[in-house]
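Have a look at the structure below before the remarks.
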Amino acid sequence: MEFDPATLATPVLYQHLIRTIMPRPIAWVSTVSNRGQTNLAPFSFFTGIGSKPASLLFCPVNKRDGSPKHTLRNILETREFVVGVVPFSLVESMNLTSAEVPPEESEFELAGLKTAPSVRIRPPRVEASPVSFECELMQHIPVGEGPGGGNIVVGRIVHFCIQDSVLNSDGYAEPNLLDLVGRLGGSSYCRVAPTFEVERPTVRRTPG
Ligand SMILES: Cc1cc2nc3c(=O)[nH]c(=O)nc-3n(C[C@H](O)[C@H](O)[C@H](O)COP(=O)(O)O)c2cc1C
């Protein structure tokens, strides 16, 4: 079937995107408002960008009334955020933090999650998350406007922490120890295991 996005309603288009662009890693983003209120929410339109500078991006879409989500509002106020990752053991807590609550309530409390202080920035980490990237806002790029409009939030990673318990003997995070989840469409998720190896191709030159 062929589709012309211009002829589809915004919610239908959104469903097509989240049911085809997958599995998606989940950025568990903690922020604080100017008044010091903490906020925590998951975002699966998320990826790394490059390592010089170390950078990542995630994409909060505008709410149904066209206004920005609290996460974006806080980042535009303070220019700081932490991105945590979500192992299988925390998937229910992560889901709770996607609830729409008033700005004066913290999703940390709602989900019974402990905070841990960050090293370089004000927003706290999710203590139980095995990886935390402390970020400063580099760029906010609105993509469209109003309900369904997207936003690219580009963060410079100024510090990060990987818990010792998920490191292998080479000092890198081990996928099976991390046991992260990916988001699919609707309320479906996947786990990383079983993993498999595919070697990168080597360039072969034809003789002569
Ligand atoms: C696994 C998962 C992934 C999500 N990914 C996104 C996303 O990429 N972009 C988005 O705008 N909302 C996403 N959401 C919805 C937000 O988490 C939700 O709107 C939340 O209430 C935003 O909180 P805030 O207003 O405190 O920022 C996701 C929810 C879940 C459960």
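The values are calculated or read from the model by the stated rules, or taken from the named source; none is laboratory data. A quick note: this is a predicted structure, and the numbers were derived from the prediction, not measured. Because the Cβ atoms are built from the backbone with ideal geometry, glycine has one as well, and the counts that use them run over all protein chains shown. Heads up: the accessible areas ignore ligands, DNA and RNA and are worked out on the full protein's heavy atoms, side chains in. Shrake-Rupley method; radii C 1.70, N 1.55, O 1.52, S 1.80 Å.
Brief remarks on what is shown
- Hits in the stretch 128-147 (condition: surrounded by fewer than 19 Cβ atoms within 10 Å (Cβ to Cβ) and in a loop (DSSP other than H, G, I, E, B)): Ala128, Gly144, Glu145, Gly146, Pro147
- Of all residues making up the stretch 64-75, the number that are of a type in the set (Lys, Arg) and part of a loop (DSSP other than H, G, I, E, B): 2
- Among the residues of the stretch 22-35, those identified as within 10 Å of the ligand (Cβ to nearest atom) and aliphatic (A, V, I, L, M) are Ile26, Ala27, Val29.
- Residues in the stretch 36-58 that are within 7 Å of the ligand (Cβ to nearest atom) and either over 15 Å from Val153 (Cβ atoms) or assigned to a strand (DSSP E or B) (or both): Asn39, Ala41, Pro42, Phe43, Phe46, Phe58.
- For the stretch 100-127, the set of residues classified as open to solvent by 80 Å² or more (accessible area, probe 1.4 Å), under 18 Å from the mean Cα position of the chain (by Cα) and more than 14 Å from the ligand (Cβ to nearest atom) consists of Glu127 only.
- Breaking point among (1) at pLDDT 95 or above; (2) open to solvent by 80 Å² or more (accessible area, probe 1.4 Å), for Phe196: (1)
- Val61 over 14 Å from the mean Cα position of the chain (by Cα), aliphatic (A, V, I, L, M) and within 13 Å of the ligand (Cβ to nearest atom): no
- Unmet criterion (only one of (1) more than 16 Å from the ligand (Cβ to nearest atom); (2) open to solvent by 20 Å² or more (accessible area, probe 1.4 Å); (3) in contact with a Gly (Cβ under 9 Å, 6 or more places away or on another chain)) for Leu177: (3)
- Tallying residues that are within 30 Å of Leu137 (Cα to Cα) and open to solvent by less than 60 Å² (accessible area, probe 1.4 Å) within the stretch 160-174 yields 7.
- Condition met for Arg73 (open to solvent by 70 Å² or more (accessible area, probe 1.4 Å), near the ligand (Cβ under 8 Å from one of its atoms), modelled with pLDDT of 95 or more and within 22 Å of Val158 (Cα to Cα)): yes
- Residues that are outside any helix (DSSP H, G or I), in contact with a strand residue (DSSP E or B) (Cβ under 8 Å, 6 or more places away or on another chain) and surrounded by fewer than 21 Cβ atoms within 10 Å (Cβ to Cβ), drawn from the stretch 76-99: Arg79, Pro87, Ser98
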